[in-house]
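Here the structure comes first, spelled out in structure tokens, and everything after it is commentary.
The values are calculated or read from the model by the stated rules, or taken from the named source; none is laboratory data. This structure is a prediction, so every number in the text was calculated from the model and none was measured. Here the Cβ positions follow ideal geometry from the backbone for every residue, glycine too, while neighbour counts run over all protein chains shown.
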Amino acid sequence: MRTATVIVAAVAALSGRLVAQEHKPVPKDSVRVSIPGCTKGYVFTAGRRTVDEPGSVSVPEGMHFRMNGPKKLIAEIKAQEGSMIEITGVTKKGQYKPDGIGIGGGVRVEPGPGFTGGTRPGSPVGSQIAIDVEGWRPVAGRCPSR
């Protein structure tokens, strides 16, 4: 009897872990991505792609993402600052297409905001690309120091 109880408890515990690892369905206007790069606080900066670590989408090097997710997961990612990682998450389709002209080294020249007529500028957070982080893993490479 005791053995049966232990087996049932073990199966229940293991099945709970498997369910937690499943990905949520992706909305039609979004896409699941895997991007290598570096973090600083809540900002993830896309890094250079390599042949052995290509990621899942073509995101230009240097593009910034605002990370959203469970506090525990974000805390784990923040602990990796200074190390290259690859995050996996969901972001809206098409918002990572760069504007302007690339001049090399991850630098782009873009048109500035129009004349605002004396009003305050918009929020810098409002124009950032957001990613709902589902997981991360360490990858080879180093983060650039500034």
Here is a list of conditions, (1) modelled with pLDDT under 85; (2) of a type outside the set (D, E, K, R); (3) farther than 16 Å from Y42 by Cβ; (4) surrounded by 10 or more Cβ atoms within 10 Å (Cβ to Cβ), and Q128 meets all of them except one; can you say which number that is?
-> (3)
K28 outside any strand (DSSP E or B) and either at pLDDT below 85 or among the acidic types (D, E) (or both) = no
